[in-house]
Structures are given as C-alpha cells and as structure tokens.
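The values are calculated or read from the model by the stated rules, or taken from the named source; none is laboratory data. Since the model is a prediction, treat every value here as computed from it, not as a measurement. Cβ coordinates were reconstructed from backbone atoms using ideal geometry, including for glycine residues, and neighbour counts include every protein chain displayed.
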Amino acid sequence: MPFAQPNIAEATTVVPYRNDGKHRLAFRVGGTCFDLFNDGDVPLTLDPALRDFAVEPSSGGGVKIQVDWTDELNIPARAPLFHSGGLWSLFDESGGYRFYLSTPFLGATPYKAAWFDPEFRNGHVVLFRRYFDGGRPVYPLEYPLDELLMIHRLACGEGVEVHAVGIVDEAGRGHLFLGHSGAGKSTTARLWQSRPGTQILSDDRIILRIRDRRIWMYGTPWHGDAGIASPDAAPLSRMYLLEHSQETVLIPVSPGRTIAELFARSFVPHHSLKGVQFTLGFLDRVAREIPCSVFRFRPDGSAVEAISRAGA
C-alpha cells in the first residue's frame, strides 16, 4: 500500500535534550562525541564495532541525536542534492539536510531518515516501524549513516577522514599509509601487528584533525579486512602512498602532489562547496607540515624495516 509523506515540521522537531539516563547512549570517534537519546519508546544499542568507542553520555558539545519511530516515510519526488547510486540519498530540507536510506526489501519506501542542522550538531533520526522488530534494541546510526554523519561533521571545519592505515611505532611516531582498496592497507597492518610496542589505530579509515597546533590521526570503527579499530589517537609524523612492488623503496613526493593524492583518498561531501573548500585548505596544511613518500613495498618484513629506518 502507498505511504504518505510524513509532516516535515513534525519530523524535524528536536525535543529538548534530556539527561534522565533512560534510553541514552554515546560514543566518541575522531574526538567528537555522538549522543543518542529518545523518549523511552525506542530501545537503543551500539553496533559491536563501536564497543571500544563507547563513552558516558554528556550534556555538552558533540552531536545530539533524537531517535523516534515513524509509521509513514517516503522519499521526496524532487531531485536530491546527492544520490549515492546505491541505497542512500541526501536532500536539502527544513533548513538542514536529510538522509534517506533504502533497501530492496521495502522498494521505494525508505526504512530510515535522518535530519541534521547545517553544522551537523543536532539531528533527528526516524525509523520506519514496520521494518524493525520493535522488541529488539536498535542502533539508529547503522552503517553507512554513522560514517556519513562523521564525514559531514568533519567538513564543517574540523578535519577529514581518509582511506588509510594509521600506525604508531615503538617510539610514538605516527605513520599514515594511504591507499585505495587493494593497495595493501590490510597487508600493511598485518605486517606491523607482531612488532613489539606498535599500535594500529585502523586498517582502513583514519581521521585527521588539528590538535595542539599539530596534525593528529585518530582511529575509527570502520575497519577493513584485518578488522583492526582503535579509539586512540597520535600525532602524525609521516605519510606514505602505498604501491605493491617486487622491491621495497621510498620515493619523496612534493607537497603539491601530496594534496592531490590525499584528496583522492579522502571522504568529502562533494555536494558542499564550503565543505570541499575547507577540505582542500586543510589538506594543504597537512601536505606542508607532514613529509610524504610513495612507498613501494614487498609484503614482508623489509617493508616494516624500511619505515623504521626512515623514521629513525
């Protein structure tokens, strides 16, 4: 049967923030806290991948997200700001932005919609009740929504998420290994796993931000094939563009090329001119402050030793 479009004003009305300890949970990724709450009708839970990122809910800062059920939900007939080509689309609505997430199981009816203000500081997620088992706890920001929210929040002047492995060596130096899918990120993470005193922040997604006037890298829960994810962070010392090879060699890269390579491996809201401009400026600073090299490597111990010698 057809479903009517919900009342937009009602769907984007965020109730006053509550601090009663009922149906609230929070997690922190990349230095930003995401606080979920509702009026007691939606049982909340975190995705298992976020277990190490869970924190106590706070009344200050971060992103506040109200969660509710809805019995009516339709994607607008007009053109979106952006369509993923897959299962989500983004619209400019009610003075902010609304994501619609779909599944072939429901056809044209989305199973979830999420509205956020222009700075992605306050939001309202509505869940299509018929799709969910109301008796089971729900993680309202189920992937890809949590990462989409992170990417857009970062583009509001806070940082950028990149396709990379983040490794902290035994001396506390932060190494960022950048690469598209198949470039060797998970292989690199596994090569470093057995090295004493080494910490791996993520084998696929890293967040870069400025902290104490330095570039820092943060682990994320959105891991790759190696399944490595840490909530920790470390100052960034060096960057590497991964390339498979029959020999292990480091080739310095100019800051100009570094910006282009970083942007190509960044998660950027391309529909937002302001977000793209901020990201390019941020990556320019990263490229000027952090040395970068093409890292052609063999998948063996020589790769680890080459990085250790270069950073000594």
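Within the range 31-49, the set of residues being part of a loop (DSSP other than H, G, I, E, B), closer than 27 Å to L106 by Cα and either of a type in the set (V, I, T) or under 20 Å from the mean Cα position of the chain (by Cα) (or both) comprises V42, T45, L46, D47. Within the range 111-138, restricting attention to residues that are in a loop (DSSP other than H, G, I, E, B) and surrounded by 18 or more Cβ atoms within 10 Å (Cβ to Cβ), the residue that is farthest from the chain's Cα centre (by Cα) is Y111. Only one entry in Q246, Q193 is modelled with pLDDT under 95 and touching a Lys or Arg at 6+ places or on another chain (Cβ under 9 Å), namely Q246. Residue count for the range 152-188 satisfying the condition of being farther than 18 Å from C292 by Cβ, surrounded by 18 or more Cβ atoms within 10 Å (Cβ to Cβ) and at pLDDT below 95: 2.
When you check V168 against the structure, is it of a type outside the set (K, R) and closer than 18 Å to L46 by Cα, yes or no? Break it down stepwise before answering.
Details: of a type outside the set (K, R): yes; closer than 18 Å to L46 by Cα: no.
For V168, the condition - of a type outside the set (K, R) and closer than 18 Å to L46 by Cα - is not met.
Scanning the range 140-153 for residues that are part of a loop (DSSP other than H, G, I, E, B) and in contact with a Ser or Thr (Cβ under 9 Å, 6 or more places away or on another chain) gives a single hit, P144. Within the option set I200, I206, I167, being closer than 15 Å to T279 by Cα, assigned to a strand (DSSP E or B) and in the same structural domain as A306 (by TED's automatic domain parsing) holds for one residue only, I206. Scanning the range 154-197 for residues that are basic (K, R) and out of contact with any Ser or Thr (no Cβ under 8 Å at 6 or more places or on another chain) yields K185, R190, R195. Residues that are in a strand (DSSP E or B) and either over 14 Å from G30 (Cα atoms) or without any contact (Cβ under 8 Å) to a residue 12 or more places away in the chain (or both) within the range 209-223 comprise just one, R214.
Can we say D204 is under 24 Å from D47 (Cα atoms), touching a residue at least 40 places away in the same chain (Cβ under 8 Å) and among the acidic types (D, E)?
Values: under 24 Å from D47 (Cα atoms): yes; touching a residue at least 40 places away in the same chain (Cβ under 8 Å): yes; among the acidic types (D, E): yes.
In short, yes.
Quick check on the range 50-106: of everything there that is among the polar types (S, T, N, Q) and either at pLDDT 95 or above or in a strand (DSSP E or B) (or both), which residue is farthest from E147 (Cα to Cα)? Only one residue tops the list, namely T70.
The residues of the range 224-248 that are surrounded by 22 or more Cβ atoms within 10 Å (Cβ to Cβ) and assigned to a loop (DSSP other than H, G, I, E, B) amount to a single one, I228.
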